[in-house]
Amino acid sequence: RVVREVAAELGLAPDLLLAVARQESHLRTHVRSEKGAVGVLQVLPATGQEVAGRLRLKGWSLDNPQDNARIGGTYLKELLTRYEGDESLALAAYHAGPGRVDAWVTKDGSRLTGSEVVEQRAFTETRKYVREVLAGREEWR
């Protein structure tokens, strides 16, 4: 419910944010990854700090499901803006980081679509992540 509410507040497609949450944490709110990502949207603490700062949040915690969803959802929305609405690139950046995605996009100057970049240049794990999130959207529609 929290993820759906935050998606509506942010103007994100609820099915997309729910699919990310399912892929990241299986919709569990109090989970931590071996890499240190926290909560339902598996936000890294450094990313949480940056986004919370831009949002001017006070007293926030990635362990709080509402804060986690708001921060993770805002980050995804920022990535969608950065990649001009290209969901494949935004999801790849959510998974592997925008620096890596920027390098994949600009590699050798070729003009590939976002999905071609993901299919041809992304890490195998990132490619799988993007495919599964996009396929998982159907169950939330």
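Key figures
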item: In Hz, Karplus ³J(HN,Hα) per residue of the stretch 97-113 (6.51, -1.76, 1.60; θ = phi - 60°; x = Gly, Pro); result: x, x, x, 5, 5, 4, 5, 5, 5, 8, 4, 6, x, 6, 10, 10, 6
item: Highest-MSF residue in the chain out of V20, V40, V51 [GNM, Cα springs under 10 Å]; result: V51
item: Relative contact order (%) - the chain, alpha-carbon pairs under 8 angstrom, separation at least six; result: 23 percent
item: Selected from A69, A103, A13 as most flexible by GNM, with the chain as the system and alpha-carbon contacts under 10 Å; result: A103
item: The chain, accessible surface, carbon-and-sulfur percent (1.4 angstrom probe); result: 49 percent
item: Segment N64-R28, length gained on full extension (0.36 nm per residue, minus Cα span); result: 11.8 nm
item: Among T74, T126, T47, residue whose mean-square fluctuation peaks in a GNM of the chain (springs only between Cα atoms under 10 Å); result: T47
item: For the stretch 27-94 versus the stretch 115-141, the gap between their alpha-carbon centres in whole angstrom; result: 18 Å
item: Å³ per residue enclosed by the Cα convex hull of the chain; result: 104 Å³
item: Straight-distance crosslink candidates among lysines, where the alpha carbon sits under 27 Å from K128 and sequence neighbours closer than 8 are dropped; result: K35, K77, K107
item: Surface accessible to a 1.4 Å probe, per residue, for the residues of the chain, Å²; result: 55 Å²
item: Distance between modelled label sites at R54 and E9, nm, 7 Å Cα→Cβ extension; result: 1.7 nm
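The values are calculated or read from the model by the stated rules, or taken from the named source; none is laboratory data. Bear in mind that the values here come from a model prediction, so they are computed numbers and not experimental data. Note that each Cβ is placed from the backbone with ideal geometry, even for glycine, and that neighbours are counted across all protein chains shown. All accessible areas refer to the heavy atoms of the entire protein, side chains included, with ligands and DNA or RNA removed. Shrake-Rupley method; radii C 1.70, N 1.55, O 1.52, S 1.80 Å.
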